[in-house]
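Q: Have a look at this one.
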Amino acid sequence: RAALDGLISAVAAQTGSVMAAPLIDGKTGTGAPRPVASPIDPAISVGTVVDATPEQANDAVAAARKGFASWSRTPAETRARILERTAELLEENAAHFIALLQREGGKTLDDALSEVREAADFCRYYAAEGKRLFGAGDAMPGPTGESNVLLLRGRGAFVAISPWNFPLAIFTGQITAALMAGNTVVAKPAEQTPLIAAEAIRLLHEAGVPTSVLHLVPGDGTIGAALTAHPDIAGVVFTGSTEVARSINRTLAAKDGPIVPLIAETGGINAMIVDATALPEQVADDVVTSAFRSAGQRCSALRLLFVQDDVADRMIEMIAGAASELALGDPRELATHIGPVIDTEAKQRLESHIARMKREARVHFEGIAPPGHYVAPHIFELADAGQLTEEVFGPILHVVRYRAENLDRVLQSIERTGYGLTLGIHSRIDDTIEGVIDHLSVGNVYVNRNMIGAVVGVQPFGGHGLSGTGPKAGGPHYLTRFATEQTVTINTAAAGGNAALMTDR
Ligand code: UN1
C-alpha cells in the first residue's frame with residue numbers, strides 16, 4: 001500500500017509537457033509542431049509533435065541501412081545487455097510512463113502499470129531468446145569429414161509500425177525484437193501516441209542502442225506508406241487493422257527488389273463459449289473483464305459471447321449486473337474501471353455501431369457515459385452471429401444463444417468470421433473443451449478464465465487468418481522471423497586445416 005501510494009504521487013507529479021519529433025541518426029527533425037490532445041479531455045494538452053515528412057521517412061531508411069553493417073556484427077550478448085538495461089530504465093521511469101499512458105493513451109492506473117511491466121518483459125524476454133538464437137549457431141548433425149552450422153542474422157533496415165492501444169508495450173516489443181535479431185529500425189508510432197514513443201526511443205538510446213541504429217518518424221498513414229514502399233527496407237512488423245496489413249502486403253508485393261517479410265498482428269471477432277456447466281459468477285467476472293476492460297480497446301477483447309440457452313437468461317442478467325458496477329471516467333482517478341476511447345473518430349464509429357445494434361438487436365444493457373470521449377458498456381443480443389461482420393473496437397458485447405445440440409453451428413459461426421485471434425471457453429466438460437480446441441484454429445485459447453492480458457514468455461500472443469501472420473509475439477519463434485538463416489558447410493577433411501573455422505567464432 002505504501003509503495004502504491006508512493007507510485008501514485010510520483011505519477012501525479014509528472015505534469016510536464018513532452019515533445020516528439022523525427023529523430024534520424026540522432027538529429028532532431030524540424031517542422032511545425034502540432035499539439036497532442038488527451039483523450040481524457042481534448043482541452044488537456046499533453047505535448048507537441050513534429051510529424052515527419054515523406055523525405056524524412058526516406059532519410060530514416062537510408063540511415064538505418066547505413067547503421068546495419070556495424071549493428072549486425074555487434075555480438076548478440078552486447079545487444080541483449082542493451083535490452084536488459086532498457087528494461088531497468090523503463091522500471092526506473094515507471095511513473096513518467098504511467099503518467100503519459102494515462103494522459104496521452106487514456107489508460108487506467110492498472111492498465112498503465114501492466115503496460116510498463118509488459119514493455120520491460122518484452123525487453124528481457126527477447127534478450128534471453130536472442131542470446132540463445134543469435135550466438136554461435138546450431139551445429140547440425142551430418143557425415144564425418146564436414147561440419148555444418150546454421151546461423152541466424154539480421155535482415156537489414158526493419159520498419160516497425162505500432163498501434164495506439166499499447167503505445168509503449170507493443171512499440172517497445174516490436175523494436176526490441178527487431179534489434180535483438182540484428183536489424184536496424186525505423187519506428188513509426190500511431191499518430192495518436194507519438195509522445196510515449198519518443199520517450200521510449202530516448203530510453204533505448206540511453207540504454208546503449210546507437211543513434212545510427214534506431215530512428216523515429218512520427219506521422220500518419222502517409223508516413224507508413226512511404227516507409228513500406230521504400231525499396232531498401234528489409235521487412236515490416238505491424239500491429240493494427242487487417243485492412244492496413246493488407247495494404248502493406250500489397251505495397252510490399254508491388255515493388256521491385258528483394259522480397260521481404262511482413263509480420264502482422266491484426267484484429268479479431270473474438271468469441272467465448274459458455275455452456276450450462278460453467279460457473280455463473282466466474283463467467284460474469286471473466287466476461288466483464290474480457291469485453292469491457294481497457295474500454296474494449298484490445299485486439300484480444302471478447303466481442304461475441306455464445307451462451308447455452310438453458311442458462312442464458314441468468315448469465316446475461318449476472319453479466320449486466322457486473323457491468324452496471326463499472327465506473328467510467330477520468331482514468332487518473334483510482335476508482336475508475338473504464339477510461340475514454342482514444343479519439344472522436346473512434347467514438348463516432350462506436351456510436352454508429354450502437355445505433356445500428358439498437359435497430360437490429362435486443363438491448364440487454366446500456367451503461368451511462370460521462371461527456372467527452374467516453375463510450376459506455378453495452379450488451380446486445382443477436383439472433384445470428386453473422387450480424388456482426390467486423391471488429392468493433394470498444395466496450396460492446398454481442399450475445400448469441402445456442403442449443404447444446406448445435407455446438408457445431410457455433411464453431412462454424414466462429415470459423416466463418418475468418419479471424420483467429422483469441423477464444424474463451426467456460427465449461428466443466430473436458431470433451432467439450434477438447435472438441436472446441438481441436439476444431440478451431442485460433443491463436444490464443446483461454447479455458448475457464450478471462451481472455452485478455454497475455455503474459456510475455458508465458459502466453460505467446462497472436463493469431464491466424466484475418467488476425468495476422470504469426471509468429472507469436474512474446475514466444476520462442478518470434479525473433480526467427482526477423483532474421484535470415486545461413487547454413488555454412490565446411491569440408492573439414494580438406495587440406496588447409498580450417499576445421500576450427502566455425503568453432504572459433
Ligand atoms: C492488441 O490489443 O493490439 O493479450 C494486442 C492481450 C494483449 C493484446 C495486445 N497482449 O490482451
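The values are calculated or read from the model by the stated rules, or taken from the named source; none is laboratory data. Given the structure is predicted, the values throughout are model-derived calculations rather than measurements. Methodologically, a virtual Cβ is constructed for each residue, glycine included, from the backbone with ideal geometry; neighbour enumeration extends over all protein chains shown.
Q: Would you confirm whether any residue within segment 216-234 is at pLDDT below 95 and surrounded by fewer than 24 Cβ atoms within 10 Å (Cβ to Cβ)? Show your work before the answer.
A: Filtering segment 216-234 for residues at pLDDT below 95 gives none.
Within segment 216-234 (the criterion being at pLDDT below 95 and surrounded by fewer than 24 Cβ atoms within 10 Å (Cβ to Cβ)), the answer is no, since none of the residues qualifies.
Q: Being of a type in the set (Ser, Thr, Tyr) and at pLDDT 95 or above is the filter; apply it to segment 434-483 and report the residue that is surrounded by the most Cβ atoms within 10 Å (Cβ to Cβ).
A: Applying the first criterion (of a type in the set (Ser, Thr, Tyr)) to segment 434-483 yields 441, 446, 467, 469, 478, 480.
Then keep just the ones that are at pLDDT 95 or above; that gives 446, 467, 469, 478, 480.
Working: TYR446: 23, SER467: 28, THR469: 19, TYR478: 25, THR480: 15.
Within segment 434-483, the match that is surrounded by the most Cβ atoms within 10 Å (Cβ to Cβ) is SER467.
Q: A follow-up question, please. Suppose we keep only residues that are under 27 Å from the mean Cα position of the chain (by Cα) and either surrounded by fewer than 24 Cβ atoms within 10 Å (Cβ to Cβ) or within 16 Å of the ligand (Cβ to nearest atom) (or both) within segment 271-282. Which one would you say is nearest to THR108 (Cα to Cα)?
A: GLN282
Q: Condition test on THR172, is it in contact with a Leu (Cβ under 8 Å, 6 or more places away or on another chain), over 15 Å from ASP59 (Cα atoms) and surrounded by 24 or more Cβ atoms within 10 Å (Cβ to Cβ)?
A: On the way: in contact with a Leu (Cβ under 8 Å, 6 or more places away or on another chain): yes; over 15 Å from ASP59 (Cα atoms): yes; surrounded by 24 or more Cβ atoms within 10 Å (Cβ to Cβ): yes.
Here the answer is yes, as THR172 does meet what is asked.
Q: Got a number for residues in segment 100-136 being assigned to a loop (DSSP other than H, G, I, E, B) and either at pLDDT 95 or above or within 18 Å of HIS373 (Cα to Cα) (or both)?
A: 6
Q: Additional query: Confirm whether ASN148 is surrounded by fewer than 23 Cβ atoms within 10 Å (Cβ to Cβ), touching a residue at least 40 places away in the same chain (Cβ under 8 Å), farther than 30 Å from ALA99 by Cα and not aliphatic (A, V, I, L, M). Spell out the reasoning first.
A: Values: surrounded by fewer than 23 Cβ atoms within 10 Å (Cβ to Cβ): yes; touching a residue at least 40 places away in the same chain (Cβ under 8 Å): yes; farther than 30 Å from ALA99 by Cα: yes; not aliphatic (A, V, I, L, M): yes.
Against the criterion (surrounded by fewer than 23 Cβ atoms within 10 Å (Cβ to Cβ), touching a residue at least 40 places away in the same chain (Cβ under 8 Å), farther than 30 Å from ALA99 by Cα and not aliphatic (A, V, I, L, M)), ASN148 qualifies.
Q: Let me confirm something: among ILE196, ILE170, which residue is within 16 Å of the ligand (Cβ to nearest atom), touching an Asp or Glu at 6+ places or on another chain (Cβ under 9 Å), part of a helix (DSSP H, G or I) and farther than 17 Å from ALA473 by Cα?
A: Details: ILE170 fails: farther than 17 Å from ALA473 by Cα.
Answer to the check: ILE196.
Q: Also: Consider ALA500 against the criteria (1) assigned to a strand (DSSP E or B); (2) modelled with pLDDT under 95; (3) not acidic (Asp, Glu): it satisfies all of them except one. Which criterion is unmet?
A: For ALA500, the failing item is (1).
Q: Within segment 290-330, can you find the residues that are hydroxyl-bearing (Ser, Thr, Tyr) and either part of a helix (DSSP H, G or I) or within 16 Å of the ligand (Cβ to nearest atom) (or both)?
A: Of all residues in segment 290-330, those hydroxyl-bearing (Ser, Thr, Tyr) come to 290, 294, 300, 324.
If the condition is that a residue be hydroxyl-bearing (Ser, Thr, Tyr) and either part of a helix (DSSP H, G or I) or within 16 Å of the ligand (Cβ to nearest atom) (or both), then SER290, SER294, SER300 are the ones that fit.
Q: Collect the residues in segment 411-435 that are assigned to a strand (DSSP E or B) and within 16 Å of the ligand (Cβ to nearest atom), keeping them in residue-number order. Reasoning before the result, please.
A: As a first pass, look at segment 411-435 and keep what is assigned to a strand (DSSP E or B): 419-420, 422-426.
Scanning segment 411-435 gives TYR419, GLY420, THR422, LEU423, GLY424.
Q: Turning to a different aspect of this structure: Just to confirm my filter: which strands (runs of 3 or more DSSP E) fall fully inside segment 1-98 and include at least 1 residues that are over 24 Å from LEU214 (Cβ atoms)?
A: On the way: elements: 18-20, 34-37, 45-49.
The strands (runs of 3 or more DSSP E) meeting that bar are 34-37, 45-49.
Q: Can I ask one more? Just to be sure before I move on: is LEU334 under 30 Å from THR193 (Cβ atoms), out of contact with any Phe, Trp or Tyr (no Cβ under 8 Å at 6 or more places or on another chain) and touching a residue at least 24 places away in the same chain (Cβ under 8 Å) in the structure I sent? I'd like the intermediate steps shown before the answer.
A: Values: under 30 Å from THR193 (Cβ atoms): yes; out of contact with any Phe, Trp or Tyr (no Cβ under 8 Å at 6 or more places or on another chain): yes; touching a residue at least 24 places away in the same chain (Cβ under 8 Å): yes.
So LEU334 fits the description; yes.
Q: Might you check whether a residue that is modelled with pLDDT of 95 or more, in a helix (DSSP H, G or I) and farther than 25 Å from LEU113 by Cα occurs anywhere in segment 360-370? Step through it out loud before you land on a result.
A: Let us first name the residues in segment 360-370 that are modelled with pLDDT of 95 or more, namely 360-370.
So of that shortlist, the ones also in a helix (DSSP H, G or I) come out as 360.
From what is left, the residues that are farther than 25 Å from LEU113 by Cα are 360.
There is at least one residue in segment 360-370 that is modelled with pLDDT of 95 or more, in a helix (DSSP H, G or I) and farther than 25 Å from LEU113 by Cα.
Q: Hey, another quick one. Residue pairs, Cβ under 6 Å, 6 or more apart or interchain, first in segment 1-28 and more than 30 Å from PRO54 (Cβ to Cβ), second aliphatic (A, V, I, L, M) and surrounded by 11 or more Cβ atoms within 10 Å (Cβ to Cβ). List them.
A: Between residues of segment 1-28 that are more than 30 Å from PRO54 (Cβ to Cβ) and residues that are aliphatic (A, V, I, L, M) and surrounded by 11 or more Cβ atoms within 10 Å (Cβ to Cβ), the close pairs are ALA10/ALA95; VAL11/ALA95; VAL11/ILE98; VAL11/ALA99; GLN14/ALA95; GLN14/ALA99.
Q: Restricting attention to segment 73-90, report how many residues are of a type outside the set (A, V, I, L, M, F, W, C) and crowded, with 20+ Cβ neighbours inside 10 Å. Step through it out loud before you land on a result.
A: Restricting attention to segment 73-90, the residues satisfying the condition of being of a type outside the set (A, V, I, L, M, F, W, C) are 73-75, 77-79, 81, 84-86, 88.
Subsequent filtering for residues that are crowded, with 20+ Cβ neighbours inside 10 Å retains 79, 86.
Residues that pass the stated criteria total 2.
Q: Same structure again: Which one is nearest to the ligand (Cβ to nearest atom) among residues in segment 436-488 that are assigned to a loop (DSSP other than H, G, I, E, B) and polar (S, T, N, Q)?
A: Pass one, segment 436-488, residues assigned to a loop (DSSP other than H, G, I, E, B): 440-443, 448-460, 462-463, 466-467, 469-472, 474-478.
From what is left, the residues that are polar (S, T, N, Q) are 441, 448, 450, 459, 467, 469.
Values: SER441: 18, ASN448: 17, ASN450: 9, GLN459: 7, SER467: 10, THR469: 14 Å.
Residue satisfying both the conditions and the ranking: GLN459.
Q: Can you say whether VAL410 is at pLDDT 95 or above, closer than 30 Å to PHE380 by Cβ and among the β-branched types (Val, Ile, Thr), as far as the supplied structure shows? Let's see the steps before the verdict.
A: On the way: at pLDDT 95 or above: yes; closer than 30 Å to PHE380 by Cβ: yes; among the β-branched types (Val, Ile, Thr): yes.
Yes: the conditions hold for VAL410.
Q: Still on this structure, please answer the following. Any residue in segment 209-231 that's under 19 Å from PRO258 (Cα atoms): show its pairings with residues that are among the aromatic types (Phe, Trp, Tyr) and assigned to a helix (DSSP H, G or I) at Cβ separation under 9 Å, as long as the two are six or more apart or on different chains.
A: none
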